[in-house]
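Trainee: Sending over a structure as structure tokens; questions will come in a sec.
The values are calculated or read from the model by the stated rules, or taken from the named source; none is laboratory data. If you're wondering where the values come from, they're calculated on a predicted model, not measured in any experiment. Ideal geometry is used to build each Cβ from the backbone, glycine not excepted, and the neighbour counts take in all protein chains shown.
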Amino acid sequence: MKHKNYDFGLVGLGVMGRNFILNVKDNNFKAFGYDLDQKQVDALKEEGGDLDKVDASTDIKTFVEALAKPRKVMLLVPAGKIVDAVIESLLPLLDKDDIIIDGGNSFFTDTDRREAYLQEKGIHFFGSGVSGGAKGARKGPSIMPGGNKEAYSHIKPIFEAVSAKFNGEPCVAHLGPKSAGNYVKMVHNGIEYGLMQLTSEIYDLLRKSCNLTNEELHTVFDTWNKGRLQSFLVEITAEIFAQKDDKGDGFLVDKILDKAKQKGTGKWTSQNAMDLGIPVPSIDIAVSMREISALKDERVAADKLYDRPTPEAIDKDELIEKAEQALYFAFINTYAQGLSQLADASKEYNYDLDMSIIAKIWRAGCIIRAGLLEDISNAYVADKDLANLLLAPSFVPQVQKAVPAARDLVTYAAKNGIPVPGLSNSLTYFDAYTSSNLPLNLIQGQRDHFGSHTYERTDMDGIFHTEWGA
């Protein structure tokens with residue numbers, strides 16, 4: 001094969017990979033793909049049209065030799081052992097200072113391991129989160145790369161060209177060393193879990209308390225998407241309510257089984273937050289609710305054993321107004337929890353993350369993109385050391401105004417047997433975080449009583465232990 005010096009290589013030509021490499025081609029970079037499946041290779045060639053701009057092969061040597069140096073090879077393959085296997089197959093063919101980019105949802109410690117391993121061999125490794133799904137890959141995703149800053153200069157022109165744009169600004173930035181990119185993408189997905197759970201709870205409240213039809217639900221969410229709740233998730237929620245069932249009568253949403261699946265990134269966010277000692281209850285409960293949803297047979301059996309209240313009548317317009325305020329309140333709390341985790345992880349893992357930049361590159365392309373992120377970015381520009389979004393002066397009045405509606409809806413839902421764990425956890429997080437006094441003094445007393453774990457005092461410095469009951 002004639003060497004054509006393609007600018008960019010991509011391993012894994014499934015829907016995501018094919019869309020991404022075509023995006024690269026559309027932005028005037030020559031790209032070469034590799035896949036073991038001849039059908040995937042042929043599909044790319046056919047869709048790409050011009051082989052001088054985008055080509056592919058099932059032969060890995062042909063693939064590597066087609067790339068200009070330093071070679072830039074991106075992997076869009078499932079996380080785990082496959083990533084390691086692809087790396088090992090590439091290594092004998094690569095040269096010093098070539099670059100491998102893992103674009104999948106790899107666990108951040110795996111990225112650290114791979115980065116250290118490849119550094120010894122003179123190869124640069126990037127863990128790069130890509131959010132936006134197949135459509136985003138084709139039209140412009142949000143990209144979250146982490147790795148060697150100097151080596152990033154070789155990737156930057158391509159990533160900035162193919163990424164989503166917000167007011168002309170590319171939704172990509174070098175976030176930090178090692179696994180910074182994968183970590184940010186992991187927490188992005190954790191926030192995504194939380195926002196999705198909250199949206200589903202508000203839907204449940206609206207349909208069970210006021211019997212809103214799917215047409216009405218479509219109108220409500222579509223209207224919200226034109227206001228301060230403007231976001232990708234609210235937008236697609238409105239579209240879902242309008243979708244007719246193509247295999248029967250009625251609307252599709254009513255035919256979808258209420259068992260939500262997961263790929264693990266939300267769970268990783270929750271687990272790592274616990275390791276770091278960072279509270280993310282809105283994310284934690286979103287993971288748990290997916291696990292509860294999987295217990296469908298048990299839920300059906302339990303539903304027959306216990307009485308459930310008939311929801312009290314409530315004014316439809318009043319409920320819709322309170323639901324908008326409560327969802328806005330809970331969205332802010334969920335972003336606040338995720339960003340707090342990122343800030344703490346940045347110190348723990350020496351990422352040196354900039355929260356304002358992270359919020360900026362989430363403004364378009366990614367699943368959690370929302371108008372709210374512009375305000376969030378500005379809050380961190382005003383105070384780069386902001387400990388929590390709830391402390392930002394620009395957010396205090398907005399949260400203060402919205403919290404009564406959240407209280408009313410949590411109360412209403414509890415009285416009427418409608419589960420709203422995401423909303424109630426967001427409210428509990430808010431009430432605990434904004435309380436100068438919590439009852440944990442009693443817990444410290446209990447710990448010292450049964451285990452001599454000691455305690456601190458409010459009236460004097462030092463560490464104390466008491467012989468209780470003596």
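Trainee: Out of all the residues in region 412-470, which are more than 23 Å from Tyr328 (Cβ to Cβ) and among the polar types (S, T, N, Q)?
Mentor: Matches in region 412-470: Ser436, Asn437, Asn441, Gln444, Gln446, Ser452, Thr454, Thr458, Thr466.
Trainee: With (1) at pLDDT below 95; (2) surrounded by fewer than 15 Cβ atoms within 10 Å (Cβ to Cβ) as the list, and Met274 as the residue in question, which single condition is left unmet?
Mentor: (1)
Trainee: Going residue by residue through region 236-250, is there one that turns out to be surrounded by 17 or more Cβ atoms within 10 Å (Cβ to Cβ) and hydroxyl-bearing (Ser, Thr, Tyr)?
Mentor: yes
Trainee: So, one more: Note down all Cβ pairs under 7 Å where the first residue falls in region 348-376 and is assigned by TED's automatic domain parsing to the domain that holds Phe331, the second is part of a loop (DSSP other than H, G, I, E, B) and of a type in the set (Phe, Trp, Tyr), and they're at least six residues apart or on different chains.
Mentor: What qualifies is Ile368/Trp362; Arg369/Trp362; Leu373/Trp362.
Rundown of residues vs (1) at pLDDT 95 or above; (2) under 28 Å from Leu233 (Cβ atoms), yes/no style:
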residue: Glu298; (1), (2): yes, no
residue: Leu305; (1), (2): yes, no
residue: Pro311; (1), (2): no, yes
residue: Asp315; (1), (2): no, yes
residue: Leu319; (1), (2): yes, yes
residue: Gln325; (1), (2): yes, yes
residue: Tyr328; (1), (2): yes, yes
residue: Phe331; (1), (2): yes, yes
residue: Thr334; (1), (2): yes, yes
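Trainee: Of all residues in region 417-470, how many are assigned to a loop (DSSP other than H, G, I, E, B), farther than 30 Å from Glu312 by Cα and of a type in the set (A, V, I, L, M)?
Mentor: Total satisfying the criteria: 4.
Trainee: Within the set of pairs 6+ apart or on separate chains, which have a first residue in region 307-322 that is under 22 Å from Leu229 (Cα atoms) and part of a helix (DSSP H, G or I), a second that is of a type in the set (Ser, Thr, Tyr) and modelled with pLDDT of 90 or more, and C-beta atoms under 7 Å apart?
Mentor: Within 7 Å, the pairs are Leu319/Ser209.
Trainee: Let me ask another. What residue, among those in region 441-467 that are out of contact with any Phe, Trp or Tyr (no Cβ under 9 Å at 6 or more places or on another chain) and surrounded by 11 or more Cβ atoms within 10 Å (Cβ to Cβ), is nearest to Leu198 (Cα to Cα)?
Mentor: Ile443
Trainee: Output the qualifying pairs, or none if there are none: Cβ atoms under 7 angstrom, residues six or more apart or on different chains, first residue in region 40-57 and farther than 16 Å from Met16 by Cβ and touching a residue at least 40 places away in the same chain (Cβ under 8 Å), second residue of a type in the set (Lys, Arg) and in a helix (DSSP H, G or I).
Mentor: The qualifying pairs are Asp55/Lys45.
Trainee: Which residues, taken from region 244-290, are without any contact (Cβ under 8 Å) to a residue 12 or more places away in the chain and outside any loop (DSSP other than H, G, I, E, B)?
Mentor: Of everything in region 244-290, those that are without any contact (Cβ under 8 Å) to a residue 12 or more places away in the chain and outside any loop (DSSP other than H, G, I, E, B) turn out to be Lys244, Lys255, Gln271, Met274, Asp275.
Trainee: Moving on. Please work out which residue is nearest to the chain's Cα centre (by Cα), limiting yourself to region 391-416 and to residues that are outside any loop (DSSP other than H, G, I, E, B) and among the polar types (S, T, N, Q).
Mentor: Going through the qualifying residues, I end up with Gln398.
Trainee: Restricting attention to region 263-278, does a residue exist that is of a type outside the set (S, T, N, Q), over 25 Å from the mean Cα position of the chain (by Cα) and under 30 Å from Asn225 (Cα atoms)?
Mentor: No, because not a single residue in region 263-278 is of a type outside the set (S, T, N, Q), over 25 Å from the mean Cα position of the chain (by Cα) and under 30 Å from Asn225 (Cα atoms).
Trainee: What number of residues in region 197-228 are touching a Gly at 6+ places or on another chain (Cβ under 8 Å) and surrounded by 20 or more Cβ atoms within 10 Å (Cβ to Cβ)?
Mentor: Number satisfying all stated conditions: 3.
Trainee: Residues Ile283, Ile314, Ile292, Ile357: which one is more than 30 Å from Val220 (Cβ to Cβ) and hydrophobic (A, V, I, L, M, F, W, C)?
Mentor: Ile357
Trainee: Still on this model: Can you name every residue in region 355-377 that is touching a Leu at 6+ places or on another chain (Cβ under 8 Å), charged (D, E, K, R) and part of a loop (DSSP other than H, G, I, E, B)?
Mentor: The answer is Arg363, and nothing else.
Trainee: I'd like to know if region 378-399 contains one or more residues that are free of Cβ contacts under 8 Å to residues at least 60 places away in the same chain and closer than 19 Å to Leu198 by Cα.
Mentor: Yes, that holds for at least one residue.
Trainee: So which pairs qualify, if the first residue must be in region 429-452 and more than 18 Å from Gln337 (Cα to Cα), the second must be not in a loop (DSSP other than H, G, I, E, B), the Cβ gap must be under 7 Å, and the two must be at least 6 apart or on different chains?
Mentor: Close Cβ pairs satisfying both conditions: Leu438/Ala432; Gln444/Tyr455; Gly445/Tyr455; Asp448/Tyr455.
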